[in-house]
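Notes follow once the structure below has been shown.
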Amino acid sequence: MTENHILTQIQNQLETPAQNLEALFCETLLWGRAQGAAFRRQVTLAPGQSFDLEFRPLAQMSGLPVFRVDWPSEKTPTVQQRRSVYRALSSSYIEHLLVYLTRDGRQTSFVWARRRGQGKIEMRTLSYAAGVPARTTLEQLSKLAFTLEELGLFGDPGLSAVTDKLNAAFDVEAVTKKFFRDYRALFEQAEASIDLPWSAEQKRLYTQRFFNRLLFLAFLERKGWLTFQGRKDYLRALFEDYYRNDPEKRRQANFHRKRLDALFFMGLNNPYGRGLVQSDPQFQFVRDLIGEVPYLNGGLFERERDEEEGAERFFFPDDLLARILSDLLYRYNFTVTESTPLDVEVAVDPEMLGKIFEELVTGRHESGSYYTPKPVVQFMCREALKGYLETALPGEAPASLARFVDENDSPALRDPEAALAVLRRVKVCDPACGSGAYLLGMLHELLEKREALFAARHLDAQTVYARKLEIIQNNLYGVDLDPFAVNIARLRLWLSLIVEYEGYPPPPLPNLDFKIETGDSL
């Protein structure tokens, strides 16, 4: 079976997964038939919220089982929910592959739970959304396929061969490296296409701002907040409509000028757009051009000096934008959930934007610019928090504070109300924030501590979105000499915030111009 044939088969089966998951494993990937019957387990997803979930065997190979879980929501499970399901299943199956299917049958998540050192369980997730096929996701899933030669006479290749397949399919580093190569090639082509007498720095920042906006839109698509003519693959639908309806005018206008500029400045950065009625001719004209989009604010879609009317403008050509859409934005799966050391999504997540900074910044060794790995960031943040809490809460035992910070063990605290108060007023400033790794790490740590206080003591009864917004507005500050890095740091904070908001339209994003600034802190 050729590679293209197996990819087509996998895509067709995942477009209608409810009927085809068993065929996907047993006929396309050549895994063994399932053994045993379906069973049910009670899963507690949150205090007072339990579900009776059914686990239906799909396939197995060398003793490693695959189960289907029909998820009672139209959204795939969160990290915390996947952990809750694992706890309910772990007494019978420590290592396994679960396939979550959402209630509407549109989204599928493959979650592989495997043992790591010190008894820890790592969970890796590969997701697929029907109607928005990402070729890289299909390529990763195809790595689970066995050949007849690999199966041998008895159809049992051995557990190590199975785990090798799973390691390859759920290898986020391979996807990351491939994404970097494609991103860099397209970024350099875009930068080289600018034919105005700008400095190299001007060209780089103009290109980076444009790519930041497109990447942000790719993440927004995954939230379902952008719609064009009923389609959720928004940018692709917008580009196809432009090509259908503007054939005669294409010599005078391009997609960047006619559609993306309208999207950026008349839609996403227009606070009055939602107040216009559909009968208003101006509003209808904008709707025809860009569809339905929310007002976002935040500064990302504000006109810069080189984008003002009458300024010397440059617009990227259509053929380049077609490649960006096909080879980058719709080749890879995007997720708005950042990975943790033990919960990894095999997709492009906001954290990768920090790695992109490290890959693209020139002379980074001379300037001292390095990307800090997540475990190192986590250690730094936790040690800084321990020192702060020991000073701010002298009545607490250092061992209790350490357990609270490292393990979210809030019952050990004598005065949890005081702990919440000092967490709310802490000021965290990174004087060389780079692409924001430390700021994002501290955001997650402060959020975890406040969630732990709520879970154990019912303090701080806010939504996760409200907590994150408060932390970003009141606790985090950053400075960096490189405006390229500052832009990415702001972008990552915005993305980390929007992932938590449910519903539509989303509220305007906070303006971070006076929180994360370009400057020389020395």
Inset, instruction - Compute the length gained on full extension between Arg323 and Glu173: take 0.36 nm times their separation in residues and subtract their Cα-Cα distance, giving the result in nm to one decimal. - result: 51.7 nm
Inset, instruction - In debye, nearest 20, what is the charge dipole magnitude of the chain about its Cα centre with +1 on Lys and Arg Cβ and -1 on Asp and Glu Cβ, if you could check? - result: 860 debye
Inset, instruction - First measure r as the distance between the Cβ atoms of Arg257 and Glu312, then evaluate 1/(1 + (r/R0)^6) with R0 = 22 Å and state the FRET efficiency to the nearest 0.05. - result: 0.95
Inset, instruction - Quick one: which residues, 5 or more positions from Glu517 or on another chain, have an amide H under 5 Å from its amide H? H modelled 1.01 Å from N in the peptide plane, none for Pro or chain starts. - result: Gly478, Val479, Asp480
Inset, instruction - Rounded to the nearest 0.05, what FRET efficiency do Tyr477 and Glu390 give with R0 = 22 Å and r taken as the Cβ-Cβ distance? Could you check? - result: 0.50
Legend entry - Protection proxy ranking of 477-490, 394-407 - average other beta-carbon atoms within 10 Å, highest first: 477-490, 394-407
Inset, instruction - Please report, largest first and rounded to whole Å, the three semi-axes of the ellipsoid equivalent to segment 4-56, where each semi-axis is the square root of five times an eigenvalue of the C-alpha gyration tensor. - result: 30, 15, 8
Inset, instruction - Describe numerically, in nm with one decimal, the distance between label points set 7 Å from Cα along Cα→Cβ at Leu342 and at Gln462. - result: 2.7 nm
Inset, instruction - Take peptides 215-224, 13-22 and line them up by average Cβ neighbours within 10 Å, highest first, as a rough protection proxy. - result: 215-224, 13-22
Inset, instruction - At 0.36 nm per residue, minus the direct Cα-Cα distance, what do Asp156 and Gln49 gain on full extension? Give it in nm, one decimal, please. - result: 34.5 nm
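Please get the size of the charge dipole for segment 70-191, origin at its Cα centre, with Cβ charges of +1 on Lys and Arg and -1 on Asp and Glu, quoted in debye to the nearest 20. Let's see the in-between values first.
On the way: 18 positive and 15 negative charges, 107 e Å.
Roughly 520 debye for segment 70-191.
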Inset, instruction - For the chain, report the translational diffusion coefficient in µm²/s to the nearest whole number, using Stokes-Einstein at 10 °C, 1.306 mPa s, and a Kirkwood Rh over Cα pairs. - result: 63 µm²/s
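Return one whole number: the accessible area per residue of segment 167-258 in Å², for a 1.4 Å probe.
44 Å²
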Inset, instruction - Report, ordered by chain and residue number, the lysines lying within cross-link reach of Lys449, taken as a straight Cα distance under 23 Å and ignoring same-chain residues fewer than 8 apart. - result: Lys120, Lys374, Lys386, Lys427, Lys468, Lys515
Inset, instruction - Over segment 114-215, consider all pairs of different Cα atoms and compute the Kirkwood hydrodynamic radius from their mean reciprocal separation; express it in Å, one decimal. - result: 17.5 Å
Legend entry - Protein accessible area in the chain, 1.4 Å probe - carbon and sulfur %: 51 percent
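Can you tell me the length gained on complete extension of the stretch Arg87 to Ala421, counting 0.36 nm per residue apart and subtracting the Cα distance?
So the chain would gain 117.0 nm between Arg87 and Ala421.
Okay, helix-only estimate at 222 nm for the chain: each DSSP H run of n ≥ 4 adds -39500 (n - 2.57), divide by all residues, round to 500 deg cm²/dmol; what do you get? Can you show the working numbers first?
Numbers: 19 runs with 229 residues, N = 522.
Rounded to the nearest 500, it is -13500 deg cm²/dmol.
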Inset, instruction - Sketch the reach of a paramagnetic label on Phe180 as a point 7 Å from Cα along Cα-to-Cβ, and name the residues of segment 425-451 whose backbone nitrogen lies under 17 Å away. - result: 435-437
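As an exercise, use a Förster radius of 41 Å and the Cβ-Cβ distance of Thr8 and Lys223 to find the FRET efficiency, rounded to the nearest 0.05. Intermediate values should be presented prior to the final figure.
On the way: r = 29 Å, r/R0 = 0.70.
The formula returns an efficiency of 0.90 here.
The values are calculated or read from the model by the stated rules, or taken from the named source; none is laboratory data. Keep in mind the model is a prediction, meaning the values are calculated, not measured. Glycine also receives a Cβ, built like all others from the backbone with ideal geometry; neighbour counts cover every protein chain displayed. We work out accessible area using only protein heavy atoms, side chains counted, and drop any ligands, DNA or RNA first. Shrake-Rupley method; radii C 1.70, N 1.55, O 1.52, S 1.80 Å.
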